[in-house]
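Working notes for the structure below.
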Amino acid sequence: MEQTISTTPKLFVTSIVENKDELEEKYERSFNTLQNLISGLSEKEAQNALNNAVCKDKNHEEVSLGLLFVILTEPQSAAKSYRDLTLITRDGLTLVLNHLTQLILERYLRLTDTVRTQVLWLVREMIRNAVTNVDNLCWNLMRHAAGGDVSSRNIMLVEALLDIYKENRSWLDKFPVLIASVVYAYLRLIEDHAVPALTQLRHKEVVFVVTLIRERFADCLVIGRDFVRLLQNVARIPEFEQLWRDLLTNPKSLCPTFTGVLQLLQTRTSRRFLQSRLTPDMERKLVFLTSQVRFGYHKRYQEWFQRQYLATPESQSLRCDLIRFIVGVIHPTNELLCSDIIPRWAVIGWLLTTCTSSVAASNAKLALFYDWLFFEADKDNIMNIEPAILVMHHSMRSHPAVTATLLDFLCRIIPNFYPLLADKVRAGIFSSLRQILEKRVLPTLFPLFDNPKLDRELRAMVREAFKEFCLPPTTEGKDDFNSGIHMNTKEEPTEQMLDGQENHTPSNNHLGDSEPTFSDDEEETAAPTLTPIPRSTEDEEDDDDIPLGDARSQSLPVMTL
């Protein structure tokens, strides 16, 4: 007797040991329902059967998902199934868009190559048919066009999305936020495409992005200071050289309301743009690491992340994206700040110390300090400057070279970032340091800025650059700090625990036996406990500063335009 073989197409790449999940089973049930409805019928009869079936809400969902399944898995039947889908839909394809968004955000890495290609085909068709909310779908899909990745699959997605935007420019112009997101994404991607094999793609990207910036500059202003950071990375490309000349010497030629580069630098970049340069999977891993993993257990997670995303020479540029995301998007609650969860500064320290490219290391430092340069206490957020000062503070004992290179960078960036704005940069950094002291992130900067572990030349440079912060604290200042009302009473980690050794005495810190890659070592003399950072009502209500430290009880945030 012949064995019956299932001919149901596959959405996902699976191994022989993996069971189907609920989502896959749901799509296959919908596909089977569709086949039972139209099998053996003529085209007209099948259309009537579908129209009759979708009168019920449950059947509408099943038939719609069945047709979506066919579109994604059977390219030869896609056009007919899409036509049927547009005829029977009762919600303007909202249900289909919602399910596509779910696939892209949660299952994209498991989709077969055929399905990935068909997703792009379907996006094209929906744009041509002016389906509402396809711009959201494009935004989420563009997140998978990852930085630091020149694999054939990633390049295929990058080029396909670029072609879609070029072919449908009049449609793109209707969505200012998507325009800004496209500019932000492709400015970042152009940096990675400098290899000879990608010359043609890079030229297409450059021409498209420069044209988009020049024609829609007002829409790009919303990006803020990170727009300038990304433009700096491509400044030597001839088309961008001319753009920079206009940006610096003739700003109003780009937009009548644009006053100059300072306008951009004084605008904090929304977390939505910073989030957009990480894939959903990267975001989930980083949010998990900074909200669930205890200090001491983190090494295995960091090693996995390193192998998965930072193992190639091209991936070194991704470190800037990761640091900007940690600084600008992951804002822990005070509860997390007082816990033994691995802090942001330790993750950033690991990213800095494992960097293998001098160019990427320099860019990573700039990414870390970028919000310092034009910091304004009434407009910017203390959480954006806290990680950098804590990396320097905590690495002084066990990694003094990290502190030294960051302090050296901070001193040299003042005159060198943009000489004409040196006074503004100095004012921004001084404002950052004052805010750090006012918010009690550190009680004093003297042990950091005038530490004997720093070489004489660097200490002299720091004293010259930050004279007012190099004064030793007074006795009154110490007493005032020790009686602060925001004191964190959590037990300080011992040096043995931070070196990865288990402590069998009762403690609030349950640290494992693996050695942390970047440890929170104490100074030889016990330092005062750092305080939680007070949050103002304004910070809590700011949509750009939703603390992702609440990830224990919240689902992964989804971008909606």
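The values are calculated or read from the model by the stated rules, or taken from the named source; none is laboratory data. Source: prediction; values computed, not measured. Cβ: placed from backbone, ideal geometry, glycine included. Neighbour counts: every protein chain shown. These area figures cover heavy atoms from the full protein model, side chains too; ligands, DNA and RNA do not enter into them. Shrake-Rupley method; radii C 1.70, N 1.55, O 1.52, S 1.80 Å.
Take peptides 125-131, 261-267, 246-252 and line them up by average Cβ neighbours within 10 Å, highest first, as a rough protection proxy.
Peptide ranking by packing, descending: 261-267, 125-131, 246-252.
For Thr132, what accessible surface area do you get with a 1.4 Å probe? Give it in Å², rounded to 10.
90 Å²
Order the peptides 42-54, 154-166 from the highest to the lowest mean number of other Cβ atoms within 10 Å of their residues.
The densest-packed peptide leads the list: 154-166, 42-54.
Take the Cα pairs of segment 8-110, get the Kirkwood Rh, then feed it into Stokes-Einstein at 37 °C and 0.692 mPa s and tell me D in µm²/s.
For these conditions, the coefficient is 232 µm²/s.
Just to confirm my numbers, what's the Cα centroid distance between segment 124-171 and segment 192-255 in Å?
19 Å
Is segment 280-469 rounded, prolate or oblate when judged by the Cα gyration tensor, a ≥ b ≥ c being the square roots of its eigenvalues, rounded requiring a/c under 1.5 and prolate requiring a/b larger than b/c?
Because a/c hits 1.5 or more and a/b exceeds b/c, segment 280-469 counts as prolate.
Let me know the whole percent of all Cα-Cα pairs from segment 133-277 that are separated by more than 23 Å.
31 percent
If packing is taken as the average number of other Cβ atoms within 10 Å across a peptide's residues, how do 318-328, 93-103 rank, most packed first?
Details: 318-328: 24.5, 93-103: 18.5.
Order by mean packing, descending: 318-328, 93-103.
Would you list Lys299, Lys80, Lys58 from the most to the least accessible area, probe 1.4 Å?
Lys58, Lys80, Lys299
Once you have a ≥ b ≥ c as the square roots of the Cα gyration tensor eigenvalues for segment 261-374, tell me rounded if a/c is under 1.5, and otherwise prolate or oblate according to whether a/b is larger than b/c.
Here segment 261-374 falls in the oblate category.
Per-residue accessible area for Met461 at 1.4 Å probe radius, Å² rounded to 10?
40 Å²
For segment 8-110, what does the accessible surface come to per residue with a 1.4 Å probe? Please give it in Å².
Result: 52 Å² per residue.
Taking amide hydrogens as modeled 1.01 Å from N in the peptide plane, which residues meet the under 5 Å criterion relative to Ile341, leaving out close sequence neighbours?
Correct list: Phe295.
Solvent-accessible area of Arg294, probe 1.4 Å, all protein chains present, reported in Å² to the nearest ten, please.
Result for Arg294: roughly 100 Å² accessible.
Could you pull out every one of the lysines with an alpha carbon less than 28 Å from that of Lys453, ignoring same-chain neighbours closer than 8 positions?
Straight-line reach from Lys453, under 28 Å: Lys299, Lys365, Lys439, Lys467, Lys478.
Per the 1.4 Å probe, what fraction of the accessible area of segment 102-219, in percent, lies on carbon and sulfur atoms?
Here it works out to 51 percent.
Can you give me the distance in nm between label points at Arg434 and Asn32, each placed 7 Å from the Cα along the Cα-to-Cβ direction?
It is 7.0 nm.
What share of all Cα pairs of segment 352-412, in percent, falls into each consecutive 10 Å distance bin?
Percent of Cα pairs in each bin: 21, 52, 23, 3.
Kindly flag which residue pairs out of Lys10/Lys80; Lys26/Lys80; Lys166/Lys379 have an alpha-carbon separation exceeding 29 Å in this structure.
Cα-Cα > 29 Å for Lys166/Lys379; rest within.
Using θ = phi - 60° and the Karplus curve 6.51 cos²θ - 1.76 cosθ + 1.60, what whole-Hz ³J(HN,Hα) does each residue of segment 106-112 get, with Gly and Pro shown as x?
Values, residue by residue: 10, 10, 4, 5, 9, 5, 5 Hz.
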